[in-house]
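Inspection log for the structure reproduced underneath, given as structure tokens.
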Amino acid sequence: MRAPALHTDLIMENIVPHIRNSLLVCAFALAANTANAANTANTANAANPAAANPLSVHVLDLQSGKPTAGIGVTLEQRVGADWRTIAAAITDGQGRIPALYPEGKAVDAGEYRIVFKTGEHYARLGQPSFFPRIPVEIVMDKATAHYHVPLLLSPFGYSTYRGN
């Protein structure tokens, strides 16, 4: 039995234009969605000053799987061989500090240290903890970037990473 012959002329005349049109429709839809997302982000930043802040943190309790409210957090900046505290805040009901960097201050490229005061938290709960404080040192090198630092916490261990 012979394989049926391909009719490339028929394919080129009838199918290729439909594929080209479908690709154009997809490209226009993608461009419209991208523009809409940019406008939404700009509107959100204008309506929510924390969205424009370059640094946020989030603390999650690994034992319960829930956000950890009430954790004291300080932000320090390296100045020579020393650390200088430039901000302090407490995690909200969702375990977040959405705007830890000082408002209205431009980001100076350099080393920063975020100190999570976990010992105070566990003392309030009446639980022992191995870590009285968890210092997380980071480099902020771009004034236009957003830095998000989640902390996954338990009384005897922790993990952190650069989030988004």
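The values are calculated or read from the model by the stated rules, or taken from the named source; none is laboratory data. These numbers were taken from a predicted model, which means no experiment stands behind them. For neighbour counting, all protein chains shown are included, and Cβ atoms are generated from backbone atoms with ideal geometry for every residue, glycine included.
Kindly evaluate residue 113 against the criterion of being out of contact with any Pro (no Cβ under 6 Å at 6 or more places or on another chain) and among the basic types (Lys, Arg).
Numbers: out of contact with any Pro (no Cβ under 6 Å at 6 or more places or on another chain): no; among the basic types (Lys, Arg): yes.
The answer is no for residue 113.
Would you pick out the residues in the stretch 82-115 that are among the small types (Gly, Ala, Ser) and at pLDDT below 95? If you could, list the steps in order and put the result at the bottom.
Here is the first cut: in the stretch 82-115, the residues among the small types (Gly, Ala, Ser) are 87-89, 93, 95, 99, 104, 106, 109-110.
Within the stretch 82-115, 104, 106, 109, 110 meet the criteria.
Test of understanding: among 69, 106, 99, which residue is surrounded by fewer than 12 Cβ atoms within 10 Å (Cβ to Cβ) and in contact (Cβ under 8 Å) with a residue 24 or more places away in the chain? Please lay out each step first, then the result.
Values: 69 fails: surrounded by fewer than 12 Cβ atoms within 10 Å (Cβ to Cβ); 99 fails: surrounded by fewer than 12 Cβ atoms within 10 Å (Cβ to Cβ).
Only one candidate passes the filter, namely 106.
Every residue in the stretch 143-159 that is of a type in the set (Phe, Trp, Tyr), part of a strand (DSSP E or B) and more than 16 Å from residue 74 (Cβ to Cβ), please. Don't jump to the end; show me each part of the working.
At the first step, the residues of the stretch 143-159 found to be of a type in the set (Phe, Trp, Tyr) are 147, 156, 158.
Imposing the further condition that a residue be part of a strand (DSSP E or B) reduces the set to 147, 158.
Answer for the stretch 143-159, where residues must be of a type in the set (Phe, Trp, Tyr), part of a strand (DSSP E or B) and more than 16 Å from residue 74 (Cβ to Cβ): just 158.
Restricting attention to the stretch 84-115, which residues are over 18 Å from the mean Cα position of the chain (by Cα) and closer than 18 Å to residue 141 by Cβ?
Across the stretch 84-115, the qualifying residues are 86, 105, 106, 108, 109, 110, 111.
In the set 128, 102, which member is closer than 24 Å to residue 156 by Cβ and assigned to a loop (DSSP other than H, G, I, E, B)?
128
Which residue is farthest from residue 78 (Cα to Cα), if the candidates are limited to the stretch 116-142 and must be touching a Leu at 6+ places or on another chain (Cβ under 8 Å) and at pLDDT 95 or above?
Filtering the stretch 116-142 for residues that are touching a Leu at 6+ places or on another chain (Cβ under 8 Å) and at pLDDT 95 or above, the one farthest from residue 78 (Cα to Cα) comes out as 118.
Consider residue 139 carefully, then state whether it is under 21 Å from residue 162 (Cβ atoms), under 18 Å from the mean Cα position of the chain (by Cα) and crowded, with 17+ Cβ neighbours inside 10 Å.
Numbers: under 21 Å from residue 162 (Cβ atoms): yes; under 18 Å from the mean Cα position of the chain (by Cα): yes; crowded, with 17+ Cβ neighbours inside 10 Å: no.
Against the criterion (under 21 Å from residue 162 (Cβ atoms), under 18 Å from the mean Cα position of the chain (by Cα) and crowded, with 17+ Cβ neighbours inside 10 Å), residue 139 does not qualify.
Tell me, yes or no, whether the stretch 115-135 has at least one residue that is among the basic types (Lys, Arg) and over 20 Å from residue 61 (Cα atoms). Lay out the reasoning, then the answer.
Keep residues of the stretch 115-135 that are among the basic types (Lys, Arg), which gives 117, 124, 133.
Restricting the remaining residues to those that are over 20 Å from residue 61 (Cα atoms) gives none.
Looking through the stretch 115-135, none of the residues is among the basic types (Lys, Arg) and over 20 Å from residue 61 (Cα atoms).
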